[in-house]
Amino acid sequence: MIVVLDTNIWKSSLYLKTGAAAAIRFYLHQNGARVGLPEVIRLEVERHLRADLREIKGRIKSDHQRLLGMVGNLHEVILPDDARINDVVANFIPGLKFDTVETSLTLEAARSSFLRTIDKIPPSHNNQQFKDGVLWADCLTFAQTDDVTLVTGDKAFYEDGDIKKGLCLTLLAETANLAHRLKVVGSLGALMVDIRAPVNVSDELLVSAVNTQLQANIAGILDRLGFTRAGEPVVARTFYATETPNILFVEFRLDFPCEDALEAGRIDAVLTLAGDGQYLAAKEEFLGLSPTDLGMTYKTADGVEEQRRDSYLRPEGMVIGARTVHHRVREPLD
């Protein structure tokens with residue numbers, strides 16, 4: 001499967017850095033899908049990104065100067081210079097770690113698009129939409145080798161300019177004799193419907209990782225309170241897409257049934273361990289699991305319910321001067 005994202009999709013999703021886009025990127029990897037990247041899209045996206053970065057930089061600089069004038073003194077704002085912006089633009093598509101299928105702007109695609117503008121054939125029927133015609137020609141080429149989904153909010157591709165009506169009939173007719181399917185959807189949400197799939201990770205794999213990485217935490221509270229584990233835990237977990245397509249963030253809770261090792265008549269004992277960490281989908285491996293809450297609940301011999309909990313605080317570390325912050329995405333997956 002090849003997914004082609006129009007420029008308006010890149011821009012509307014913070015250049016594929018939003019949470020929804022992170023989920024899309026994960027599912028594309030899981031499905032073995034490739035991202036079709038026609039040269040006309042890559043060039044347009046890179047120029048829009050550079051222009052947007054420079055505009056944001058200029059706006060922040062201007063607003064900072066205005067604020068400085070009103071309050072008298074402020075910390076200096078460190079903004080990226082042109083070299084940093086150019087570096088971001090040059091590396092951001094490779095940094096998304098897509099399996100891409102790129103195609104150069106060919107004379108054949110350019111001629112096809114130009115004739116569409118002359119003959120007023122979609123997607124170039126309303127005005128001189130040269131890029132859209134080239135994009136469509138490239139999608140037809142991609143569909144000679146694999147199924148293609150074009151994701152675009154450009155109404156020129158749709159019947160009567162209405163996304164709900166689907167691909168316009170003229171373009172639909174051009175897909176009839178293709179070797180593979182070519183379809184058009186209007187948003188990342190619509191694409192998600194096609195590619196969403198369960199995150200197939202067994203509870204046993206998570207339990208094994210917890211037993212290995214957090215054994216000292218578990219043993220510590222059991223020994224201190226005089227209990228032993230008495231069976232397999234009940235598992236609840238939630239996976240989140242992150243800024244890295246093949247790495248998921250996981251939050252989990254395990255409820256272990258326990259028995260009174262002191263024979264003091266305590267019953268209904270449950271050890272609850274909550275925590276989080278990372279899951280490397282390509283390696284099917286949990287890493288960096290750490291507890292956020294750990295506690296025991298039980299009833300005494302007199303029937304009184306008691307709780308004992310350990311608290312965990314995440315160290316922030318000491319920061320001198322301005323703190324560097326990093327873009328982070330946590331988008332829940334089904």
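Structure notes:
- Among the residues of region 215-248, the one identified as crowded, with 18+ Cβ neighbours inside 10 Å, assigned to a loop (DSSP other than H, G, I, E, B) and at pLDDT 95 or above is Pro233.
This table checks each residue for (1) in contact with a helix residue (DSSP H, G or I) (Cβ under 6 Å, 6 or more places away or on another chain); (2) in the same structural domain as Gly19 (by TED's automatic domain parsing).
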{"residue": "Gly153", "(1), (2)": "yes, yes"}
{"residue": "Gly161", "(1), (2)": "yes, yes"}
{"residue": "Leu167", "(1), (2)": "no, yes"}
{"residue": "Glu174", "(1), (2)": "no, yes"}
{"residue": "Arg181", "(1), (2)": "no, yes"}
{"residue": "Thr212", "(1), (2)": "no, no"}
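- Subset of region 192-214 that is under 18 Å from Pro291 (Cα atoms) and among the polar types (S, T, N, Q) - its residue that is surrounded by the most Cβ atoms within 10 Å (Cβ to Cβ): Gln213
- Filter pass, Ser187 being hydroxyl-bearing (Ser, Thr, Tyr) and over 23 Å from Gln30 (Cβ atoms): no
- Considering region 260-274, and only residues there that are at negative phi and in a strand (DSSP E or B), the residue that is nearest to the chain's Cα centre (by Cα) turns out to be Ala274.
- Residue in region 53-62 that is assigned to a helix (DSSP H, G or I), within 28 Å of Met192 (Cβ to Cβ) and either polar (S, T, N, Q) or in contact with a Ser or Thr (Cβ under 9 Å, 6 or more places away or on another chain) (or both) present: no
- Within region 135-151, being β-branched (Val, Ile, Thr) and under 14 Å from Glu174 (Cα atoms) holds for Thr141, Val148.
- Residue check, Ser311 among the hydroxyl-bearing types (Ser, Thr, Tyr) and in contact with a Phe, Trp or Tyr (Cβ under 9 Å, 6 or more places away or on another chain): no
- Close contacts from region 72-98, counting a first residue that is under 20 Å from Arg328 (Cα atoms) and at pLDDT 90 or above and a second that is surrounded by 11 or more Cβ atoms within 10 Å (Cβ to Cβ) and hydrophobic (A, V, I, L, M, F, W, C), with Cβ to Cβ under 6 Å and a gap of 6+ residues or different chains, come to Ile85/Leu53; Val89/Leu49.
- Of residues in region 170-189 being under 25 Å from the mean Cα position of the chain (by Cα) and farther than 20 Å from Gly32 by Cβ, the one surrounded by the fewest Cβ atoms within 10 Å (Cβ to Cβ): Gly189
- Annotation: of all residues in region 273-304 being under 19 Å from Ser208 (Cα atoms) and among the acidic types (Asp, Glu), the one that is surrounded by the most Cβ atoms within 10 Å (Cβ to Cβ) is Asp276.
- Output for region 247-275, where each listed residue is aromatic (Phe, Trp, Tyr) and without any contact (Cβ under 8 Å) to a residue 40 or more places away in the chain: Phe256
- Qualifying residues in region 1-24 (those that are touching a strand residue (DSSP E or B) at 6+ places or on another chain (Cβ under 7 Å) and assigned to a helix (DSSP H, G or I)) - the one nearest to Lys131 (Cα to Cα): Ile9
- Candidate set: region 88-113, residues that are in a helix (DSSP H, G or I) and among the aliphatic types (A, V, I, L, M); chosen: the one nearest to Ala143 (Cα to Cα): Ala109
The values are calculated or read from the model by the stated rules, or taken from the named source; none is laboratory data. Bear in mind the structure is a predicted one, so any value in this text is a computation, not a measurement. Quick reminder, even Gly has a Cβ in these numbers, built from the backbone with ideal geometry, and neighbours come from all protein chains shown.
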